[in-house]
Amino acid sequence: MEELRQRAAVEMEATIDSIGDDLLHNILSRLPALACANAACVNRSWNLIITNLLSLPNLSSALSINPSLQDAVNEAVEKVLSKPVRPQFAIASIGPTFSLQQAHQLVTGKLGSKIPIITLISQGIFGRNAVDDEFEEVQWQFIENEEAHPDHGNENHGVLLTVGFFPGLKVSLIPLLSKTQGPQALMIDELVRNIRECSSSVSGSASPVAILLFSDHETDMKPVLQKLDYAFCPETVIVGEGGSQFLYQGEAAVNHSNDAEYSSAAVALSFLRDTGNPPGVGETQFHVVLAPGIAQIGPTYKAVAVKERPRDFSTWLTAKREAQVESLDGLTMLDQIYDEFGGDLYCSALYIGVSKRRKCSIGKERASWIYLQEFHEVLRGDEEYLYVNGVGIRSGDSFQFYLANANATRDSCNNASNNLTCLKRDLDHQNAGRSTSNNVNSKKKSVFGCIMFSCCGRGEFFLQPILDCSPFMENFPEITFSGTFSAAEIARGDLSPYGLVSEEHSSLRCCLHVYSTVYLIMSYTPASPST
């Protein structure tokens, strides 16, 4: 009897294998992640096919607006694992009415403790619904007085889960710690050293391929981004969002939420080129497109008297126009801008973009000059000063006013769409004439995912929901695409997206943006047959 069962099993295995690798590949590629892992144990040929499947680039994302946290997490996890995937990392964004601690425990319980996981409360989410696969955009309503709005709990729930596998890369999670007491609380130099050491040990290079950065709402990210931009080679992509509450897990990273000495001010997902890859592994690349939502207005000013107010994180200043001697107070400067732009200015967010020349160093390294532009929100002006949010402005710094408006947003979306069209055209050109076999997509250079960070003031604020999603969805309609609304958008680069391409602006760097949208696009180039 036992002999008959064994013979039947062998005959069935032979029958399944006889259908051919192409069809078997197609069948196995439709299995959920867990079933796929089990199928890899059937025999050697299945294991080889599934190993190849799991070696392909993959970004999987799902959104749930279920009012039950546990059900929402279950729906999102089930969807992202509905196809073969071997997650290297996971990012979970949740609504403000859900418990961050409980959400983090549920997500890590589902995905395990061996991969970096970040769980955060964002300003909103967008992506494909786990239930019906329809694209949805959900922006939370943050309300201080809960008693006055008893129904807001029904609107502020939701979970967006994103997992990814990027061939040729390793992913490491490194937190930015802050001392709870004493000066120089942010341990930025230590963050840089940790990223450098981790990258060097994996790739032999001190600069990672990319850094995905998340910060809390109390951390001033300007000095952090200054040093990150200074410390790593120009090819390192740095993107992310600020103003979130978050928890994380990593192989060597420890949460400091209950630590009396340290707290976690930010956390970095570092993507490192893995020199220990076996033959046949291709290259994952990152592409960044920035769509600003502010436009430059008025003349150039130079700061004269500057008073920093660290307690309320603000700066008071007077300034003079270029080629003029007279110092101007805040009211005079704003009147000049109002006269030029018109009455609509009173209803719009106003910023100053300050050009700064500073010395920067890491630890005891020799300092070098850096040139950057940073945005500060205008709070008000009176007959003494112009009051702006943030610190770090010095006498002699030049600045111009910037206005957030719908026209700038639409123009930037059109530019982003054009940039993505150019990327698609470049990929099509590179793929022209490539020979294909078995799995067509695995033999071509292709885009396989996009994560987007968008200012919570865009979209519905301009009466056009999903406005910022259209550039990517129109160019890559079948590709995984999701993201979050944020309070601050991080994207390392220059000022060319703002239309500032003069020699004066060419050397300025800008990493922290306002009223903007950042697209992080991932593409994959397969290894050549000789590799």
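The values are calculated or read from the model by the stated rules, or taken from the named source; none is laboratory data. All values reported here derive from a predicted model rather than from experimental measurement. Using ideal geometry, Cβ is built from the backbone for each residue, glycine included, and neighbour counts are taken over all protein chains shown. Surface areas here come from the heavy atoms of the whole protein model, side chains and all, with no ligands, DNA or RNA. Shrake-Rupley method; radii C 1.70, N 1.55, O 1.52, S 1.80 Å.
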Which one is nearest to Phe165 (Cα to Cα) among residues in the stretch 112-128 that are surrounded by fewer than 18 Cβ atoms within 10 Å (Cβ to Cβ) and in contact (Cβ under 8 Å) with a residue 40 or more places away in the chain? Lys114
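Rundown of residues vs (1) of a type in the set (S, T, N, Q); (2) under 19 Å from Ala266 (Cβ atoms); (3) surrounded by fewer than 16 Cβ atoms within 10 Å (Cβ to Cβ), yes/no style:
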site: Pro167; (1), (2), (3): no, no, no
site: Ser172; (1), (2), (3): yes, yes, no
site: Lys179; (1), (2), (3): no, yes, yes
site: Ile188; (1), (2), (3): no, yes, no
site: Leu191; (1), (2), (3): no, yes, no
site: Arg196; (1), (2), (3): no, yes, no
site: Ser207; (1), (2), (3): yes, yes, no
On the given criteria, is Cys360 modelled with pLDDT under 95 and not polar (S, T, N, Q)? no
How many of the residues making up the stretch 294-306 are modelled with pLDDT of 95 or more and open to solvent by less than 50 Å² (accessible area, probe 1.4 Å)? 4
Restricting attention to the stretch 83-111, which residues are within 21 Å of the chain's Cα centre (by Cα), of a type in the set (S, T, N, Q) and more than 9 Å from Val163 (Cβ to Cβ)? Ser93, Thr108
Of all residues in the stretch 49-67 being open to solvent by 40 Å² or more (accessible area, probe 1.4 Å) and assigned to a loop (DSSP other than H, G, I, E, B), the one that is nearest to Phe448 (Cα to Cα): Leu56
Of the residues Ala319, Ala367, Ala349, which single one is hydrophobic (A, V, I, L, M, F, W, C) and touching a Cys at 6+ places or on another chain (Cβ under 8 Å)? Ala367
Residue ranges of strands (runs of 3 or more DSSP E) in the stretch 153-265 with at least 1 members more than 20 Å from the chain's Cα centre (by Cα) and at pLDDT below 95: 169-179
Quick check on this structure: which one of Thr421, Thr480, Thr436 is open to solvent by 20 Å² or more (accessible area, probe 1.4 Å), in contact with a helix residue (DSSP H, G or I) (Cβ under 7 Å, 6 or more places away or on another chain), at pLDDT 85 or above and of a type in the set (Ser, Thr, Tyr)? Thr421
If I filter the stretch 270-293 down to residues being more than 23 Å from Cys198 (Cα to Cα) and open to solvent by less than 30 Å² (accessible area, probe 1.4 Å), which single residue comes out as modelled with the lowest pLDDT? Gly293
Inside the stretch 113-129, can you point out the residues that are part of a loop (DSSP other than H, G, I, E, B) and over 16 Å from Gly95 (Cα atoms)? Ser113, Lys114, Ile115, Pro116
Does any residue of the stretch 317-336 turn out to be of a type in the set (A, V, I, L, M, F, W, C), closer than 14 Å to Tyr402 by Cβ and modelled with pLDDT under 90? no
